[in-house]
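Participant: Input: one structure, supplied below.
The values are calculated or read from the model by the stated rules, or taken from the named source; none is laboratory data. Please read all numbers here as calculations on a predicted model, not as lab measurements. In this analysis, Cβ positions are derived from the backbone assuming ideal geometry, glycine residues included, and neighbour counts consider all displayed protein chains. Please note that ligands, DNA and RNA were not included when accessible areas were found on the heavy atoms of the full protein model with its side chains. Shrake-Rupley method; radii C 1.70, N 1.55, O 1.52, S 1.80 Å.
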Amino acid sequence: MSAIDTNTIYPVRGGAVRKQLRVRRSTLFLLIIMILGLEVCYLALYPWLAGRIASDPLLQSWEALIPMSSKIYKRLDWFAYISTFSWPEPLYGHLYPLLGVLGIILFFIWLAVGAGNRAGRLILIRSTLYLRPIFWTILVSGILMAMTMFFAPVHLSELTRSMLQSGLYGRIVATYHLNPYLSHSAILTHDPLQALVNRLPASDDVTPGAVGPVWMDISILISLIAHADGGVMVLAWRVLALLAHILNVVLIWSLLSAQKPLYRISGTILYAWNPLVLVLGIAYVHPEILLVSLMLLALLSFQRDATLLGWVFALLASLISLYSILLLPLLFVYALRRARLLGCGWFLLWTLGMLLVTALVLVLAYIPYWQGWGVTGILLGIRDIFWQEGAVNSLNAAIINMPIQLPANILWTFQPHNWSLAALIIILLYLLITVWVIDTFEALLQCSGWLLLLWTILQPTYWPWYMILPFIVATSTSNRRETLAAILLLSGALISYYFWQWSNIWEGQGLAIIGIPCLLWGWALFFHATWQMLRGNSSRRQFVQDESRPQKLQRPPWFSRPWTSRPNR
């Protein structure tokens, strides 16, 4: 018996599969081109990551740790090559090319996202199988770009403060056996890490109370590995960030495969190749890279109906960066509403179980630092997060440092503590409204994304790495307005990184990195709504004209007539 040709029996399905294969090949080809371009751009960032001071102690410690790194960095320093040409005066200098490189990176990612959206819409039959090569391409390329930032040079700057300060907290516990929440930096003036931190400008917004106990525990492990060597300290933090980044790529793909499968490719690309994540999450390690991992595990557990496990991950995330406790009320209400569907008895058991788990996690996290600190210290640390006394890089800082001197009574209302109080009231009102509408996982994602974006915009102290978690949550939703706001604010965060490469930091940069993206977002919504309104009116007029036009009566075909109308024989 001859073999059955399924393409002959199902010609439409066979043609669709062949079309999917063509789309996959073209998508892979475009993604590989984008990967090569992005890799060149990330290598072009090395001169700014190395700094312009040859005697930088942190850079020297890093170069001594990695063999041949000094020669490689000098080869990749392309400023020496372009300085031989005569450039126009506005383009002269090494800061303007940085803005161009960041713009090229965003352009390549935009092209890759477009190719990913096209593949997601066209590859529908057995999409999990046919999209597997694209996922592995994104994952391997994400690891390649992360390794590029892993071996990148590092120098003393405000962006490296987090790594050094966290390592110093770990040394306070592991070496000096003191409580990092109570010890003052003046006690450790002889410590090598403290000497590196003292080279940086004094900063009032860096307080131990703002650091969660879980991140403090991780800092202890890092300090035990690195001791007092700044280069080994950076290496240890980057290893942790690299592992977290790889895990995040897999988690985002899994989350989007169930949440919005048509956009799983573009959503994963927006994280895996993101310059904000790669530069400020891996080259300059910040707690947000691990915060994203735990929050993604929490959301994925809630999506898979593993509510109690997701609540544990959410608690651990809030104990890394305390500002993420904003999401706990939303997650708690969502979990209780899911438990209410099981009945009254299960609802009470779930409520009691979540409260007991919360108490257990908090006790285990804070008990090593409890002596001399207690509840008062915890509350003071939370107050430092939500009631800030300083303003940096934000809209509040831009208003305070305006060249036009405001009257004293008006200027008093814009002081950081008053601004923080107003922002906190707005956020609490938003929380009270959203807890009543969270009944689905999509609503949970949307409300969480808007809440984090609102907090990032309104707080007096803004740093570009604060946008990593809001961007991930916002791009995981199906709300295009929220995704557009996150992308525009991400561009503003990259511009803030550019501003921090200046010798004199612009105190009014909040207008450019927050105000302009919000303004562009508002105008985009206005023009889109106007276009939809005009398009709807024209379609409605065309429909009315078609309905009012007299229709010519037609005789139905013979075979469409009912059999009962034929005469009996």
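Participant: Run the 1.4 Å probe and let me know the accessible area of Phe526, rounded to the nearest 10 Å².
Facilitator: Rounded to the nearest 10, the figure is 110 Å².
Participant: Averaged per residue, what accessible area in Å² does the chain show with a 1.4 Å probe, protein chains only?
Facilitator: On the way: 28850 Å² over 569 residues.
Heavy-atom accessible area per residue stands at 51 Å².
Participant: What's the carbon and sulfur percent of the chain's accessible surface, probe 1.4 angstrom, rounded to a whole number? Don't jump to the answer; show the numbers that get you there.
Facilitator: Working: 19930 of 28850 Å².
Accessible surface attributable to carbon and sulfur in the chain totals 69 percent.
Participant: Please list, by residue number, every one of the trypsin sites (Lys or Arg not before Pro) in the range 267-344 that is coil in DSSP and has at most 16 other beta-carbon atoms within 10 Å.
Facilitator: On the way: sites: Arg304, Arg337, Arg338, Arg340; in loops: Arg304.
For trypsin sites (Lys or Arg not before Pro) across the range 267-344 that sit outside H, G, I, E and B with at most 16 neighbouring Cβ atoms in 10 Å, the list reads Arg304.
Participant: Let me ask another. Which of the three applies to the range 213-316, rounded, prolate or oblate, going by the alpha-carbon gyration tensor with a ≥ b ≥ c and a/c under 1.5 meaning rounded?
Facilitator: Numbers: a/c = 3.56, a/b = 1.53, b/c = 2.33.
Cα axes put the range 213-316 in the oblate bin.
Participant: If you rank Thr530, Thr268 by how much accessible surface each has, with a 1.4 Å probe, what is the order from largest down? Numbers along the way, then the final one.
Facilitator: Details: Thr530 40, Thr268 0 Å².
The ranking, largest first, comes out as Thr530, Thr268.
Participant: Not counting the cut sites, what is the longest span of the chain without GluC sites (Glu not before Pro) that DSSP labels loop and that have at most 15 other Cβ atoms within 10 Å?
Facilitator: 1-388
Participant: May I pose another question? List the residues, sorted by chain then number, that are 5 or more residues from Thr461 or on another chain and whose placed amide H is less than 5 Å from its amide H.
Facilitator: Those lying under 5 Å, H to H, from Thr461 are Val392.
Participant: Helices from the chain with mean Kyte-Doolittle at least 1.0 and a Cα length along the axis of 30 Å or more, per DSSP H: which?
Facilitator: Values: long enough: 11-44 (50 Å, 0.84); 96-122 (40 Å, 1.39); 230-259 (42 Å, 1.69); 344-366 (33 Å, 2.11); 516-548 (48 Å, -0.17).
What comes out of the filter, once short or polar helices are dropped, is 96-122, 230-259, 344-366.
Participant: Oh, and also: Nearest 500 deg cm²/dmol is fine: what mean residue ellipticity at 222 nm does the chain get from its DSSP H runs of n ≥ 4 alone, each adding -39,500 (n - 2.57), divided by its residue count? Don't jump to the answer; show the numbers that get you there.
Facilitator: On the way: 26 runs with 375 residues, N = 569.
Helix contribution divided over all residues of the chain: -21500 deg cm²/dmol.
Participant: Please list, by residue number, every one of the trypsin sites (Lys or Arg not before Pro) in the range 146-237 that is coil in DSSP and has at most 13 other beta-carbon atoms within 10 Å.
Facilitator: Values: sites: Arg161, Arg171, Arg199; in loops: Arg199.
Loop-located and lightly packed - Arg199.
Participant: For the range 409-516, which chymotrypsin sites (Phe, Trp or Tyr not before Pro) are both in a DSSP coil and crowded by at most 10 other Cβ atoms within 10 Å? Don't skip to the end; give the middle numbers.
Facilitator: Details: sites: Trp412, Phe414, Trp419, Tyr430, Trp436, Phe441, Trp450, Trp455, Tyr462, Trp465, Tyr466, Phe471, Tyr497, Tyr498, Phe499, Trp500, Trp502, Trp506; in loops: Phe414, Trp436, Tyr462, Trp500, Trp502, Trp506.
Counting only loop positions with at most 10 other Cβ atoms within 10 Å, the chymotrypsin sites (Phe, Trp or Tyr not before Pro) in the range 409-516 are Trp436, Trp502.
Participant: Now for a different question. Subtract the Cα-Cα distance of Gln303 and Trp523 from 0.36 nm times their separation in residues, and report this length gain in nm to one decimal. Show your work: numbers first, answer last.
Facilitator: Values: separation 220, 0.36 × 220 = 79.20 nm, distance 3.41 nm.
Extra length from Gln303 to Trp523 when fully extended: 75.8 nm.
Participant: Also: Between Leu424 and Leu349, 0.36 nm times their residue separation minus their Cα-Cα distance comes to what?
Facilitator: Length gained between Leu424 and Leu349: 23.8 nm.
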